[in-house]
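The values are calculated or read from the model by the stated rules, or taken from the named source; none is laboratory data. Note that this is a predicted model, so its numbers are computed, not measured. Using ideal geometry, Cβ is built from the backbone for each residue, glycine included, and neighbour counts are taken over all protein chains shown. Side chains included, ligands, DNA and RNA excluded: accessible areas come from the protein's heavy atoms. Shrake-Rupley method; radii C 1.70, N 1.55, O 1.52, S 1.80 Å.
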Amino acid sequence: MFQNLRFNIRGLIKQPGFVLIAVFTLALGIGATSAVFSLVQGVLLTPPPYRDPHQLTLISPARTDGRPAADSRGWAAQQWLDWRKQAKSFENIAAYDWSFNFIVLQSGSVSVEGMWVTKDYFRVLGLRPILGRTFSETEAAVNPKPVIILGYDLWQRQFNGDRTIIGRTIRISRDTPPTVIGIMPPGVRFLPSPTTAKEPNYNPNAPVDFWIPAAPDPKHMKDLGWNVVGRLRSGVTVKQAQAELSLLVAQQARADHDFDGMVPEVSPLETELNRDGNRILLPLLGAAGLVLLIACGNTASLLLVRGLQRQSEYAVRTALGVRRFVLFRQASAEGLLIAFIGGAFGIVLAFTITKIVKLIGGHAIPRLDSVSAAWPVLLCGFSAAVLSAVLAGLIPALRAARVDPAEVLKSAGPRSSGSQAERRLLRAVAMFQTALTLALLVGAGLLIRTMSNLSKVQSGSDISHILTMSVTAVQGDRRDFHRRALERVSALSGVQHAAFAWGVPLTGNNWPGQLDVEGQPPAVKASDRLSFPMRSVSQDYFTLMRLPIIDGRGFRSNDSGNGPTVAIVNQAFADRYFPRQSAIGKKLWMDGRNHPGMDIVGIVANARNDDLTQVAQPEIYLSFWQATPFSKHLVIRTAADPRSVIAVVRRQLRAIDPTVAIENVQTLDEIRSDSLASRTFAMQLLVGFSVVGSVLTLIGIYGVLALSVASRRREIAIRTAVGAQRRDIRNLVFAEGFRLIAGGILAGTAAALVLSRVLQSFLFGVEPTDPLTLIGVGVLFTFVALLACWVPTQRATRVNPVEALRYE
């Protein structure tokens, strides 16, 4: 083998062009594909840090009629406490909810995200602290002693990993300073909390900063809002647990009609954690697999052509008595050499591409911080490349070993023509590459058109020159702080308008509120109550966003707690519930019709506040001075670049209260971009794959035609000698290239239709079977591919018949 390697190294040195093409092909294929495989492993395949995570399930409420719930209401404590006693499918059940707070600092408070958990939560998940302990029975009770467990990241970030923090109190807003009793290990993230998913600070993919004990209040056992997690008993399936809980919930509904209309939905925790990642990464994983196949096919075709050129050599060696095993060893040694060189460069490239992918991934990919270029993934890609190179080197050796040496040598000059079977094999490989590349290009084209369509969507409001920042007064008179803040910021040079808002457009934030609407029949069951996204805004918000008031009036500064409660609805709300009458003066009730309720005082124009791809839905705006949220956004419209006022706004807010928390400073244009992050990421990655695939395929077409021309020099020389003109030779080679391309495009169209349907959830304003994209991509690729045929064609026209036929 060592002698074969030395022999092949000398042979490859004599053909640097072939080596560069083969190595470059493998490096690109392994590097690009391994980067996405690393994403999949880091995001989807890395198990959460819980004991036997496959046994953990989330128990979510769903409507009995199968219709999607307008919002997640969670479970009542009375229900899940009963399950814990009666359900035999579960070892244990615990409840939890997402929360947030602020560590109060004189230099500006810092937001932290945490969880309220019941006493069995850590036992259910199998979590143990690395320092201290978990909650005791007395601490996890109603009105417990204030204690807190810190997350590892917060402990390191805010307290520098100080081990003496155990037993000390920390100052947080809204609560009595709690005593730290434990530190959890690193890497512990949130469980999904659908009941609070619309909160501004909600980020289920972040590490948990703290845990606080919670317990059901006996006075509010029917109150909804608990999220529930359970651990299955060994040997129990999700289907069995689903059946048992469905029976228990049905019994509860018969005993108490407050629980009517909902059924449990038991799903594996890992499935829920990976839901968003699956939607984004699995289509891209398929695209990565296509790139690897193209790269391996490219290398295989190059080695096949090279092996076919060496058939005369193999025949001579066979005639001289060389055994078949020796030929196999030599052919495989060359393939291995190419594979190892390409694989080495590919591994280096994979680490670089992984860093780039993490950089552009941003908000699109959950748990992106846990992704790295993993060695098992790199080895898989490397192994595939080695396998393709070895097989490609063995096939020509097998063919040479099976032919009659006398027949091969009889017809062989220095460069004999390949047989029809050999050419068909090469054409099949090239068509295969072209088909896969076309599928990638069509997918990229559809996403490019999607982003183009989204860029033209009018949200209904004017988001240019608007700065937003989350502002939270963590102590003192919050109402006074907000009024003074608006006065100071509005008076700044370059500021046109300023307002406070809870539910800024395209952030996904709103209050999912259940209401009764005047003129609509009252709901019989709690699950049938009408649910609407609600937003809280101060008086200048609509002017700032340039949303016109269509009827009635906007909010006023005196729409406060002392006056009647008022609301403004959008045009979609008025059209749906008051289609032939004015909505002004109509009432809305949150707490039942026996309460005063809210008066509708205005109708505002529609805006796509939640998702640019969805038309405006009915929604309700509340007066900020009557519904003042704890954490909210300060929204500022400026005359020039909104980022130019950040520093001065910070100074003015800190002058009012040095402890105020100022975070998440973004323009609305940036928020709009973040709302499209998953589509943008998919487009960027698929375009990148398409470029890589196109380069590899064009290299493959060029390499196959170039080596095919070299192997057909004798045939071309004979054609020239008997009178063929240059244009005839040019047409001969171009025809071969065009057949390769046309066959690949026909096959690729079918593959493209399959891939485009996988991408359907990302598309907007364009169908997966869009003919314009299919035709445009096909024509463009054909034109570029024909350019790749130009150099081999010109080389064919320059074949000297005398030189080529010297040995005849």
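Would you mind getting me the FRET efficiency between Val691 and Val758? Use the beta-carbon distance for r and R0 = 22 Å, nearest 0.05.
With a Förster radius of 22 Å, E is 0.65.
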Among Val104, Pro522, Met590, flag the residue with its Cα farthest along the positive direction of the charge dipole of the chain, charges on Cβ as +1 for Lys/Arg and -1 for Asp/Glu. Val104
With every protein chain kept in place and a 1.4 Å probe, the residues Ile341, Ile745 fall, from largest accessible area down, as Ile341, Ile745
At a probe size of 1.4 Å, how large is the accessible area of Val687, to the nearest 10 Å²? 50 Å²
Using a 1.4 Å probe and ignoring any ligands, DNA or RNA, find the accessible area of His220 and quote it in Å² to the nearest 10. 90 Å²
Amide H to amide H, which residues 5 or more places from Thr64 or on other chains are under 5 Å from it, using H placed in the peptide plane? Met262, Val263
At 0.36 nm per residue, minus the direct Cα-Cα distance, what do Leu787 and Thr769 gain on full extension? Give it in nm, one decimal, please. 3.7 nm
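Rank-order 674-680, 598-604 by packing density, defined as the average count of other C-beta atoms within 10 Å over each peptide's residues, highest first.
Packing order, densest peptide first, comes out as 598-604, 674-680.
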Could you tell me what percent of the accessible area of the chain is made up of carbon and sulfur, with a 1.4 Å probe and every protein chain present? 57 percent
Counting sequence-distant residues (5 or more places) and residues on other chains, those with an amide H built under 5 Å from that of His363 are none
Of Ile149, Thr134, Val695, which is farthest on the positive side of the dipole of the chain, counting Cα position, with +1 on Lys and Arg Cβ, -1 on Asp and Glu Cβ, and the Cα centre as origin? Val695
What accessible surface, in Å², does a 1.4 Å probe find on Glu270, ignoring ligands, DNA and RNA and rounding to the nearest 10? 60 Å²
Any of Lys119/Lys145; Lys525/Lys586; Lys198/Lys632; Lys85/Lys222 with alpha carbons more than 19 Å apart? Name them for me. Lys525/Lys586
Extension gain, Glu487 back to Arg168 (0.36 nm per residue minus Cα-Cα distance, nm): 110.9 nm
Angle between the Cα long axis of helix 275-309 and the longest principal axis of the chain, 0 to 90 degrees, nearest 10? 10 degrees
Roughly how tilted is helix 646-656, in degrees to the nearest 10 and between 0 and 90, from the longest Cα axis of the chain? 20 degrees
Charge dipole of the range 712-786 about the Cα centre (unit charges at C-beta), most positive-ward option of Leu772, Ile741, Ala751: Ile741
List the relative contact order of the chain as a percent without decimals, with contacts defined as Cα pairs under 8 Å and 6+ residues apart. 18 percent
Solvent exposure, largest accessible area first (probe 1.4 Å, DNA, RNA and ligands not counted), of Lys355, Lys632: Lys355, Lys632
Pull up all non-local amide H partners of Ser99: gap of 5 or more, or a different chain, and H-to-H distance under 5 Å with H placed in the peptide plane. Gly114, Met115, Trp116
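Just to make sure I understand: if all protein chains stay in place, what is the order of Asp256, Asp540 by accessible area at 1.4 Å, largest first?
The ranking, largest first, comes out as Asp540, Asp256.
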What dipole magnitude, in Debye to the nearest 20, does the chain give about its Cα centre under +1 on Lys/Arg Cβ and -1 on Asp/Glu Cβ? 3160 debye
With θ set to phi - 60°, apply the Karplus curve 6.51 cos²θ - 1.76 cosθ + 1.60 along the range 101-117 and write out the HN-Hα couplings as whole Hz, x wherever there is a Gly or Pro. 7, 9, 7, 7, 10, 5, 8, x, 5, 10, 6, 9, 10, x, 9, 8, 9
Give the accessible surface of the range 500-611 per residue, rounded to a whole number of Å², with probe radius 1.4 Å and ligands, DNA and RNA excluded. 43 Å²
In degrees, nearest ten, helix 77-86 long axis to first principal axis of the chain (Cα): 60 degrees
Kindly report the accessible area of the range 87-146 per residue (heavy atoms of protein chains, probe 1.4 Å, no ligands, DNA or RNA), in Å². 42 Å²
What's the magnitude of the charge dipole for the range 543-585 around its Cα centre, counting Lys and Arg as +1 and Asp and Glu as -1 at the beta-carbon? Answer in Debye, nearest 20. 60 debye
Gain on full stretching of the segment that runs from Arg726 to Asp65 - 0.36 nm per residue minus C-alpha separation: 230.5 nm
